[in-house]
Amino acid sequence: MTAAIVGGILMSIGAVFLLLGGLGIFRFPDVYNRLQAGTKCTTLGAVFTIVGVGVAEPAWIFKAVLVAVFILLTNPISAHALARASRKSGVALWEKSLVDVQQAPEGAEEAGAEAADEPVEETAEETGGAEEPS
Amino acid sequence: MNPALLIVLFGIGVGGMILCLLRAARGPTTSDRIVGVDAMVTITTALLVLLGLMLKRRIYLDVSLVYAVLAFVGVLVIARYLERGL
């Protein structure tokens, strides 16, 4: 009886989070805002719902936790792939977005370029030193 | 479990799915549609497990796991296609 009550509470929290994720996807102004709302709310809601089913029906707990862990591991990966793909395919940010990371100031870009140059020189010296004895 | 509570929770989840479906229908860009379909797939995975509890069939857990795997692979392939083409 207690397991049924706890499972019902968990499933209720999960279902409300599922609805809020759908509402965020419908109402937010931008691909990236929609992506973060949809991914976080939907992942939490699905994990709560499935674990709640596993708690309410104790014989199912192993497979339920398996499905929940799988969703918890793979959903951020697919969201990250979608965000990177839409950024590289040229989807614009919302016009009221404040920070665009890929248009960083010049000092940050130079520092990144220097940090990228240094390992190349080291590998060149190593290969040159390796070629001299032969 | 109380069947009325399960039906109400299922209805709440279906409401979230309908909102995602509206976004997938009227999204301005292709990425909007894919985001809507991705969220709808995750909600479907949760609702399949809930449906298994409603109908007292344990096989729905397996169906849900296979659906999650196939949806993950499909979304990765679509993202790769948007990024650099097949």
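Read the figures in this text as sums done on the coordinates, not as results from a lab. This one's a predicted model, so the numbers in the text were calculated from it and none came from an experiment. Cβ atoms come from the backbone with ideal geometry, glycine included; neighbour counts cover every protein chain shown.
Classify the range A:2-91 as rounded, prolate or oblate, taking a ≥ b ≥ c as the square roots of the eigenvalues of its Cα gyration tensor: rounded when a/c is under 1.5, otherwise prolate if a/b is larger than b/c and oblate if not.
Judged from the Cα gyration tensor, the range A:2-91 comes out oblate (a/c at least 1.5, b/c at or above a/b).
Set the Förster radius R0 to 45 Å, insert the Cβ-Cβ distance between A:ALA92 and A:VAL69 as r into 1/(1 + (r/R0)^6), and round the FRET efficiency to 0.05.
Once the sixth-power term is evaluated, E becomes 0.80.
I want to check the label-to-label distance for B:LEU86 and A:PHE62. Put each point 7 Å from Cα in the C-beta direction and report it in nm to one decimal.
For B:LEU86 paired with A:PHE62, the spin-label model returns 4.0 nm.
Once you keep just the Cα pairs under 8 angstrom separated by 6 or more residues, what percentage relative contact order results for chain B?
Averaging sequence separation for qualifying contacts and normalising by length gives 23 percent for chain B.
Taking θ = phi - 60°, what integer Hz values does the Karplus form 6.51 cos²θ - 1.76 cosθ + 1.60 yield along the range A:83-98, in sequence order, with x for Gly and Pro?
Coupling constants for the range A:83-98: 5, 5, 5, 6, 5, 6, 8, x, 6, 6, 6, 5, 6, 9, 5, 8 Hz.
Can you list which of the DSSP-assigned H helices in chain B have a Cα extent of 15 Å or more along the long axis and an average Kyte-Doolittle score of at least 1.6?
TM-like helix candidates: B:3-26.
How large is ³J(HN,Hα), in whole Hz, for each residue of the range A:37-50 in order, when computed from phi with the Karplus curve 6.51 cos²θ - 1.76 cosθ + 1.60 and θ = phi - 60°, using x for Gly and Pro?
5, x, 5, 5, 5, 6, 5, 5, x, 5, 5, 5, 5, 6
What 222 nm value per residue comes from the helices of chain B, counting each DSSP H run with n ≥ 4 as -39,500 (n - 2.57) and dividing by all residues, nearest 500 deg cm²/dmol?
It lands at -31500 deg cm²/dmol.
Work out the FRET efficiency for B:TYR67 and A:ASN33 from their Cβ-Cβ distance, taking R0 = 35 Å, and round it to the nearest 0.05.
It comes out at approximately 0.85.
Sort chain B into rounded, prolate or oblate with this rule: let a ≥ b ≥ c be the square roots of the eigenvalues of the Cα gyration tensor; rounded if a/c is under 1.5, and if a/c is not under 1.5, prolate when a/b is larger than b/c, oblate otherwise.
Judged from the Cα gyration tensor, chain B comes out oblate (a/c at least 1.5, b/c at or above a/b).
About the Cα centre of the protein assembly as shown, what is the dipole size in debye to 20, counting +1 per Lys and Arg Cβ and -1 per Asp and Glu Cβ, all else neutral?
Rounded to the nearest 20 debye, it is 2400 debye.
When we measure straight from the Cα of B:LYS56, which lysines land under 21 angstrom away, once same-chain ones fewer than 8 places off are left out?
Result set, ordered by chain and number: A:LYS63.
If a/c stays under 1.5 just call it rounded; otherwise compare a/b with b/c (prolate if a/b is bigger, oblate if not). Do that for the protein assembly as shown, with a ≥ b ≥ c from the square roots of the Cα gyration tensor eigenvalues.
Prolate, since a/c reaches 1.5 and a/b exceeds b/c.
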